[in-house]
Amino acid sequence: MNIPNSTKQRVVIIGGGFAGITLAKQLNRQNLQVVLIDKHNYHTFQPLLYQVATGGLEAGSIAYPLRKVIQGFPDFYFRLTTVKEIDTQNQKIISEIGDLHYDYLVIATGSKTNYFGNKEIERNAMSMKTIPQSLNIRSLILENFEQAVLSNDTSERNALMNFVLVGAGPTGVELAGALAEMKRAILQKDYPDLDIQKMQIHLIQSGDRVLNTMSEKSSAASEAFLKSLGVNVWKNMRVQSYDGRTVTTNVGTQFETATVIWTAGVQGACPAGLPASSLVSQVNRIRVNAYNQVIGFENIFAIGDIASMETPDFPQGHPMMAQPAMQQGALLGKNLPKILQGKMPEPFVYNDKGSMATIGRNLAVVDLPKYHFNGFFAWVVWMLVHLFSLIGFKNKAVVFMNWVYNYIRFDREGRLIVRPFKKKSFSTFTTDEL
């Protein structure tokens, strides 16, 4: 990888997400050589991916160059590659561009979409974990309407304007709300020759309430907001199959749709090489102790979504969200120098600062440790928190100006097909292809 030899201990960080960059910043000016590795050269602010997918923001406003994050940090290096395997015996990582020895390894590879083993759904549905995936969704949405304008087949036209979102967590709820606002204020002006009222947005949840990780008050308010926007909310329903045209559920209900967006689950994006005893196989997360050390290793750590730290309060590990990732990254940045000096590291204790979700214009829900509120004030709080969490002044300014413009004009000018997403039309499908 062309990393210079050094007398300093080498820390290799795999992943430039919330956990990885928080750790990297914390290690600045420590007596260490730090190598940050990621398959992209930018950090993605994932909470706003849905706004890229629905044309509210351009991709560049929620991405930040990783090289700029570590710019000016002494003895810091970034390499653009994918880690294929971890060789724990020889203390090296094996990547697409070569091998690299480590003294300490930090795995912060985050999460990926979990289709729970359903290959058909994985093949035909859309996921939204990265910027390219969000751009694909945006293109597909717009291409569907362009195709609907040309179609004389009523059933095909309706299917092109039907959207099924699977999973009513924050991502699913926010995406459903954004699509509903596009239907109400934008699409009917862009496509006057279509009956946009025929557009259907279906949000399917396997449990008995939406946003089931939030309070019951916020869950009920979110469902009411969604229904007021015209979203069809289906609870206690599981999607069993999707062949590219028809969604089949466990209760017999079927949906004809050209677009299924899967937000029903995530799993750890774990590199190969760790023993099975260090993994939670069901969710592909890495078992760690209270100091984020991987079980069975003293010099390998895992932080963020990939880490499963089982505690009495979190028997299945901490929630796969930004706050635990950032807190673990910050603490490990303090603990690593202590470990090098032979001092006792500090155990991780999660400080739950609350959770929130926005459903639409002036509509959001916020859960704080002692307070739960919703509506306009919650929407303002959601905007401020996300705005200040973005990396870089320019990104903050661009996002703020976009939000102000969108609010005043009730418009989303990012509805551009800049990278077409090719999907076969219904008429070209054959039984063999499905």
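The values are calculated or read from the model by the stated rules, or taken from the named source; none is laboratory data. Here the structure is a predicted model, which is why all the values come from computation and not from measurement. Cβ: placed from backbone, ideal geometry, glycine included. Neighbour counts: every protein chain shown. SASA here: full protein model, heavy atoms, side chains in, ligands and nucleic acids out. Shrake-Rupley method; radii C 1.70, N 1.55, O 1.52, S 1.80 Å.
Each Lys and Arg adds +1 at its Cβ and each Asp and Glu adds -1 at its Cβ; summed about the Cα centre, the stretch 176-236 shows a dipole of about 100 debye.
Adding -39500 (n - 2.57) for every DSSP H run of four residues or longer, then dividing by how many residues the chain holds, sets the calculated 222 nm ellipticity at -9000 deg cm²/dmol.
Between Lys338, Lys235, Lys370, the Gaussian network model of the chain with springs among Cα atoms under 10 angstrom shows the greatest mean-square fluctuation at Lys370.
Take Tyr77: with every protein chain present and a 1.4 Å probe, its accessible area is about 60 Å².
Across the stretch 413-420, coupling constants 3J(HN,Hα) worked out from phi with the 6.51/-1.76/1.60 Karplus curve, θ = phi - 60°, read 7, x, 7, 10, 9, 8, 9, x Hz, and Gly and Pro carry x.
Other residues whose C-beta falls under 9 angstrom from the C-beta of Gly268 contribute a net charge of +1, scoring Lys and Arg +1 and Asp and Glu -1. Rounded to the nearest whole Hz, the Karplus-based 3J(HN,Hα) values (6.51 cos²θ - 1.76 cosθ + 1.60, θ = phi - 60°) of the stretch 360-368 follow the sequence x, 4, 6, 10, 7, 10, 9, 10, 9, with x at glycine and proline. A DSSP coil position with no more than 11 other Cβ atoms inside 10 Å describes the following GluC sites (Glu not before Pro) in the stretch 69-157: Glu96. Other residues within the sphere of radius under 13 Å centred on the Cβ of Ala322, judged by their own Cβ, net out at -1 (K and R +1, D and E -1).
Across the protein chains, with a 1.4 Å probe defining accessible surface, the residues Met126, Met326 rank Met326, Met126 from largest area downward. Measuring between alpha carbons in the structure, the pairs from Lys84/Lys338; Lys343/Lys396; Lys129/Lys227; Lys112/Lys227; Lys8/Lys84; Lys189/Lys227 lying more than 32 angstrom apart are Lys343/Lys396.
Nearest 20 debye, what's the magnitude of the dipole of the chain about its Cα centre given +1 on Lys and Arg Cβ and -1 on Asp and Glu Cβ?
It works out to roughly 960 debye.
Averaged per residue, the stretch 1-149 has 40 square angstrom of accessible surface, using a 1.4 angstrom probe with ligands and nucleic acids left out. Of the residues Leu32, Ile186, Gly98, the one whose Cα sits farthest towards the positive end of the charge dipole of the chain is Leu32 (charges of +1 on Lys and Arg Cβ, -1 on Asp and Glu Cβ, taken about the Cα centre). Centre-to-centre separation between the Cα atoms of the stretch 68-107 and those of the stretch 295-320: 21 Å.
Under 10 Å, Cα contacts only: if you run a Gaussian network model on the chain, which one of Arg209, Arg29, Arg245 comes out with the highest mean-square fluctuation? For the chain, modelled as a Gaussian network with Cα springs under 10 Å, the answer is Arg29.
Close amide-amide hydrogen proximity is noted between Tyr102 and Lys92, Ile93, each under 5 Å apart and 5 or more residues distant or on a separate chain (H modeled in the peptide plane; Pro and chain starts excluded). Each Lys or Arg adds one and each Asp or Glu subtracts one; over the other residues with Cβ under 13 Å from the Cβ of Met128, this totals +2. Dipole orientation for the stretch 178-295: of the candidates Met199, Asn232, Ser222, Ser222 has the Cα lying most toward the positive pole (charges on Cβ; Lys, Arg +1; Asp, Glu -1). Write out the GluC sites (Glu not before Pro) in the stretch 211-307 meeting two conditions: DSSP loop, and at most 14 other Cβ atoms within 10 Å of their Cβ. Qualifying residues, ordered by number: Glu298.
Computed from backbone phi, the HN-Hα couplings of the stretch 156-163 come to 5, 4, 5, 5, 5, 9, 9, 10 Hz, rounded to whole numbers (Karplus: 6.51 cos²θ - 1.76 cosθ + 1.60, θ = phi - 60°; Gly and Pro given as x). With all protein chains in place and a 1.4 Å probe, the accessible surface of the stretch 1-136 carries 43 percent carbon and sulfur. State the label only: which of (i) 39, 23, 22; (ii) 31, 29, 20; (iii) 32, 25, 20 corresponds to semi-axes √(5λ) of the Cα gyration tensor in Å computed from the shown model? This structure yields the entry labelled (i).
Helix 376-389 axis versus longest C-alpha principal axis of the chain: approximately 40°, rounded to the nearest ten.
For His318, the residues 5 or more places off, or on other chains, whose built amide H falls under 5 Å of its own are Met309.
Residues whose amide H lies under 5 Å from that of Arg285, counting only those 5 or more places away or on a different chain, are Gly268, Val280; hydrogens are built 1.01 Å from N in the peptide plane.
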